[in-house]
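J.: Once you've had a glance at the structure underneath, I'll fire off some questions.
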Amino acid sequence: MLKQYDAETARQRLLKRARPDEMPIGQSMLDSLADIFGEPLTAEQAVSRILSDVRSNGDSALREWTRRLDDLDLRPAPVSASRIQSALESIPPAQRRALEVAAARVDKFHRRQPMTSWVTNELGGTLGQIVRPIRRVGLYIPGGTAPLPSSVLMSAIPARIAGVGEIAVVTPPSRSLAGSLSPADPVMLAACAISGVDEVYLLGGAQAIGALAFGTETIPRVDKIFGPGNLFVTLAKRQVYGVVGIDGLAGPTETVVIADDSANPAWVAADLLAQAEHDVLASAILLTPSQALIGRVQVEVARQLEHRRRAEIIAASLGERGGAVLTRDLEEAVQLANEYAPEHLALSVRDPYRWVEKVDNAGGIFVGEHSFEVLGDYVAGPSHVMPTGGTARFASPLSVLDFVKIVSLVALDEGTARALAPTAAAIAEAEGLEAHANAARLRARQAA
């Protein structure tokens, strides 16, 4: 079930990255696209068609694509405030308490993130930066077979702390494991109530991204779109970038566990299964120099899998995108992790802090076996929206800074402007921009 690799083979197979548009798409999906559109199309082409239709036809396009893709006839409309509040009051008390505890920790963590406006008079006159919240944002919250109220908390609470004026959530109608559709998941709506979301729309897929980017008769356009989704959502975000801002291009979720022979094999196996449970494209990878640990984890994976409700999804994920890599030592394990740049990196080793300073690329580092990644998913405090697909090489987890803009303030005094003008003119002439140089020299002459 959990295949074993040596380090070099893992580099070529298990740890090899693919671009979002290179993610495998099955023949059944291609056949489905051909049926829906009446001709063979790539996923990129299909998304382009949907976005164009939404841009041109607004609500009618949203309704049509929801009918065709989700088999659900829903008129685009915000979920009423009373319905959202009643959802909060209707969920089991234990669920509500859990959401409220998680929300409080997420709130407290993100209030410590700096958003500082400042000015200085040390460079002549006044220079500085002004922090302004984004006016309106759209949060795409995945739904389908596993609605994610935790993603509401992890996205909306940082936005609210940042001072965003309007927070709109789009989320697909929920679908049970039996395949039946229901208009909305009460726990999702309850999370929206707790997080201070302003608007909720039951809408998914590329058409939801189009609605947020272009606006429709019912859904006002946003300034920036956040949130992970499937391949079609990711491609749609890429296509609308520039019309609106985006937080990034999310790929399938991923966890790397670095472990030594001190690790609890049952816990390691449980963490790998928890990651693989998300979907068949999720990656759950163990890096360890201990052959004995690999054997024990393989046994535990097989044993625990028998009791998991989403066993089919877990098995497919582990079989295609998961594995155990036998490394030369922990140094090589960390090196492989840095090359892979995982969304989540768990250090299940002796003296884990010794290795924290050697980690350069990871969305989040989970230090020691008591800081397991599932706590990060729900209640630890930092947002669980983290960079995937190797983007942890240059990107960061979602934070309040993603929901604000920095505006530079330039208010130079006359003497400083006169002193700097010749320098500006010299650089402008080097660039061949004579009008720039003239503007600088003109101010300097008049000031004199």
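J.: Quick one: what pairs do we get from region 190-211, first residue outside the structural domain of R97 (by TED's automatic domain parsing), second surrounded by fewer than 24 Cβ atoms within 10 Å (Cβ to Cβ), C-beta under 7 Å, 6+ apart or different chains?
T.: none
Listed here are the residues, each with its yes/no results for (1) at pLDDT below 95; (2) under 21 Å from G245 (Cα atoms); (3) touching a Gly at 6+ places or on another chain (Cβ under 9 Å).
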{"residue": "L148", "(1), (2), (3)": "yes, no, no"}
{"residue": "G163", "(1), (2), (3)": "no, yes, no"}
{"residue": "L177", "(1), (2), (3)": "yes, no, no"}
{"residue": "I194", "(1), (2), (3)": "no, no, no"}
{"residue": "V200", "(1), (2), (3)": "no, yes, no"}
{"residue": "A208", "(1), (2), (3)": "no, yes, yes"}
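J.: Yes or no: G295 outside any strand (DSSP E or B) and within 15 Å of the chain's Cα centre (by Cα)?
T.: no
J.: Is there a residue in region 4-22 that is within 30 Å of L287 (Cα to Cα), surrounded by 15 or more Cβ atoms within 10 Å (Cβ to Cβ), touching a Leu at 6+ places or on another chain (Cβ under 6 Å) and modelled with pLDDT under 95?
T.: Yes, that holds for at least one residue.
J.: Now, a different point. Kindly indicate which of A250, A263 is surrounded by 19 or more Cβ atoms within 10 Å (Cβ to Cβ), assigned to a loop (DSSP other than H, G, I, E, B) and either more than 20 Å from the chain's Cα centre (by Cα) or hydroxyl-bearing (S, T, Y) (or both).
T.: Testing whether each residue is surrounded by 19 or more Cβ atoms within 10 Å (Cβ to Cβ), assigned to a loop (DSSP other than H, G, I, E, B) and either more than 20 Å from the chain's Cα centre (by Cα) or hydroxyl-bearing (S, T, Y) (or both) leaves just A263.
J.: Also, I was wondering about something else. Which one of the conditions (1) part of a loop (DSSP other than H, G, I, E, B); (2) touching a Gly at 6+ places or on another chain (Cβ under 8 Å) does L15 fail to meet, given that it meets all the rest?
T.: Looking at each condition in turn, L15 falls short on (2).
J.: When you go through S52, S86 one by one, which is the residue that is among the small types (G, A, S) and under 27 Å from V187 (Cβ atoms)? Walk me through it before giving the result.
T.: Values: S52 fails: under 27 Å from V187 (Cβ atoms).
None of the others qualify; the one that does is S86.
J.: Looking only at region 363-415, count every residue that is at positive phi and out of contact with any Gly (no Cβ under 9 Å at 6 or more places or on another chain) and tell me the total.
T.: 2
J.: If you take the residues of region 287-319 that are closer than 27 Å to V334 by Cβ and of a type in the set (D, E, K, R), which of them is surrounded by the fewest Cβ atoms within 10 Å (Cβ to Cβ)?
T.: In this case the residue turns out to be R296.
J.: All but one of (1) touching a Lys or Arg at 6+ places or on another chain (Cβ under 9 Å); (2) surrounded by 24 or more Cβ atoms within 10 Å (Cβ to Cβ) hold for E166; state the number of the condition that does not hold.
T.: For E166, the failing item is (2).
J.: Name every residue in region 114-136 that is surrounded by 14 or more Cβ atoms within 10 Å (Cβ to Cβ) and either aliphatic (A, V, I, L, M) or farther than 30 Å from A417 by Cα (or both), in order of residue number.
T.: M115, L127, V131, P133, I134, R136
J.: Hey, any hits in region 354-363 for a residue that's in a helix (DSSP H, G or I) and free of Cβ contacts under 8 Å to residues at least 12 places away in the same chain? Lay out the reasoning, then the answer.
T.: As a first pass, look at region 354-363 and keep what is in a helix (DSSP H, G or I): 354-356.
Filter again for free of Cβ contacts under 8 Å to residues at least 12 places away in the same chain, leaving 354, 356.
Looking through region 354-363, at least one residue is in a helix (DSSP H, G or I) and free of Cβ contacts under 8 Å to residues at least 12 places away in the same chain.
J.: Test of understanding: among P220, P228, which residue is more than 30 Å from L2 (Cα to Cα) and outside any helix (DSSP H, G or I)?
T.: Matching residue, one of P220, P228: P220.
J.: In this structure, does F214 turn out to be over 20 Å from the mean Cα position of the chain (by Cα), outside the structural domain of R354 (by TED's automatic domain parsing) and touching a residue at least 12 places away in the same chain (Cβ under 8 Å)?
T.: Here the answer is yes, as F214 does meet what is asked.
J.: Looking at the structure I just gave you, is A104 part of a helix (DSSP H, G or I), touching a helix residue (DSSP H, G or I) at 6+ places or on another chain (Cβ under 9 Å) and surrounded by 14 or more Cβ atoms within 10 Å (Cβ to Cβ)?
T.: The answer is no for A104.
J.: Then there is this: Residue check: is R112 within 30 Å of L409 (Cβ to Cβ) and touching a strand residue (DSSP E or B) at 6+ places or on another chain (Cβ under 6 Å)?
T.: no
The values are calculated or read from the model by the stated rules, or taken from the named source; none is laboratory data. Quantities reported herein were computed from a predicted structural model and do not represent experimental measurements. Don't worry about glycine lacking a Cβ; one is built from the backbone with ideal geometry, like all the others, and counts go over all protein chains shown.
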